[in-house]
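What follows is a single structure, written as structure tokens, with notes after it.
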Ligand SMILES: C=C(O[C@@H]1C=C(C(=O)O)C=C[C@H]1O)C(=O)O
């Protein structure tokens with residue numbers, strides 16, 4: 001992707017400093033950047049995913065909705081497409097906003113191998129009891145924010161490097177500033193046709209075939225998708241699994257395409273699919289509850305989802321992976337991986353290290 005060197009992407013850092021509610025994003029395999037910016041009041045806070053029915057804007061959804069991490073929709077007062085149009089608008093844009101940075105230091109984290117190992121042991125014990133088939137364990141990785149760091153410039157670099165991923169940078173007073181380079185579509189909709197994927201299983205890019213652990217891990221997500229979709233959807237067209245590259249790693253991916261039965265809308269579908277076993281575990285409720293009780297930090301918006309909802313007559317929401325939260329002096333990166341009874345500690349930790357490389361490569 002070619003970027004015009006005349007455009008100064010650090011203008012997005014000024015928007016973050018002024019605490020403007022906005023999102024700039026670039027869809028997977030597309031050229032143009034899009035800007036959604038709210039000029040009126042505060043971004044919309046919702047209580048449940050089904051409340052997204054009939055809404056329009058840029059959605060930022062947490063892994064688990066709470067008072068501290070609400071479900072947010074940035075209202076599309078301004079909705080622009082293409083570098084020239086976006087920068088022309090921003091060069092004249094003035095916000096009265098004042099900075100009120102969220103203090104990341106006060107939030108919980110799991111940075112060290114020792115902390116991760118302790119969580120791993122807890123998770124593994126639960127799998128051994130056979131009540132849970134799969135659990136996704138995750139962690140953080142803190143990087144000191146250098147003076148030279150620019151969120152806007154990192155966004156531009158991510159767009160250039162990761163053509164097949166959805167790339168976004170967003171900020172609201174409620175969520176703080178986040179950036180993600182996601183390979184995982186949660187739900188898209190255009191002209192009444194909906195799409196989703198079952199993405200799971202991870203290995204470094206290589207001609208080697210997939211092992212049983214990764215195939216099984218992905219099959220759990222496929223089975224879950226089929227079961228969930230049967231509740232709300234008519235004929236489901238399924239294809240895959242394929243190997244899908246995402247930066248330095250690969251995943252197994254199965255695609256689904258379908259229409260919703262009468263009376264159902266996108267919010268109902270999101271409520272049914274999120275969080276899928278790709279980021280949480282299986283069975284759904286038990287895994288979600290287990291992670292909430294036992295993972296020793298709050299995932300916040302990591303493994304939630306983000307993207308445009310009913311903008312230009314289509315929606316494309318992605319799971320918030322390969323992402324980071326940006327504080328005043330700290331960048332907090334996030335990564336996780338699916339655990340089965342056949343998992344081993346070292347390879348699971350290494351998988352998180354490999355996944356972190358995507359976002360690390362642009363900061
Ligand atoms: C949890 C993450 O990724 C998810 C987990 C995967 C796995 O366990 O193999 C693969 C892709 C994603 O669905 C992450 O990137 O942090």
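Each reported figure results from applying straightforward, stated rules to the coordinates on display, with no laboratory input. None of the values given here were measured: they were computed from a predicted structure. Note: ideal-geometry Cβ built from the backbone for every residue, glycine included; neighbour counts use all protein chains shown.
Worth a mention:
- Expressed in units of 2.2 N^0.38 Å, where N is the residue count, the Cα radius of gyration of region 153-267 is 1.23.
- The Kirkwood radius of region 255-321, taken over pairs of alpha-carbon atoms, gives through the Stokes-Einstein law at 4 °C and 1.567 mPa s a diffusion coefficient of 95 µm² s⁻¹.
- Packing, as the average of other Cβ atoms within 10 Å across residues, places the peptides 137-147, 165-175 in the order 165-175, 137-147, highest first.
- Our analysis of region 31-166 gives Rg over Rh at 1.03, with the two radii drawn from alpha carbon positions and Rh computed by the Kirkwood formula.
- Reported to the nearest whole Å, the Cα centre-to-centre distance from region 41-94 to region 203-252 is 30.
- P(r) tail, region 231-363: Cα-Cα pairs separated by more than 23 Å, 45% of all pairs.
- Between 0 and 90 degrees, the angle of helix 345-360 with respect to the longest Cα principal axis of the chain falls at about 20 degrees.
- Across the chain, C-alpha contacts under 8 Å between residues 6 or more apart give a mean separation that, scaled by the residue count, equals a relative contact order of 26 percent.
- For region 205-306, the calculated P(r) over all alpha carbon pairs, in 5 Å bins from 0 to the bin holding the longest distance, is 2, 10, 18, 20, 20, 16, 9, 3, 0, 0 percent.
- Computed over region 149-301: relative contact order in percent, which uses C-alpha pairs under 8 Å that are six or more apart: 20
- Expected-Rg normalisation [2.2 N^0.38 Å, Cα atoms] applied to region 81-131: 2.33
- Mean projected area of the Cα convex hull of region 105-160, taken over all directions, amounts to 6.4 nm².
- Ranked by how many other Cβ atoms sit within 10 Å of their own Cβ, fewest first, the residues 114, 352, 122 fall in the order 114, 122, 352.
- Overall form of region 104-210 per C-alpha gyration tensor (a/c, 1.5; a/b vs b/c): oblate
- Here the mean projected area of the convex hull built on the C-alpha positions of region 1-87 is 6.9 nm².
- Surface/4 of the Cα convex hull for the chain, nm²: 17.2
- Over region 45-119, relative contact order from alpha-carbon pairs under 8 Å, at least 6 apart, %: 22
- Helical runs assigned H by DSSP (4 residues or longer) give the chain a calculated mean residue ellipticity at 222 nm of -8500 deg cm²/dmol, each run adding -39500 (n - 2.57) before division by the residue total.
- Nearest 10 degrees, 0 to 90: helix 212-232 Cα axis against the chain principal axis: 70
- For the pair region 315-363 / region 155-171, the C-alpha centres are spaced 15 Å from each other.
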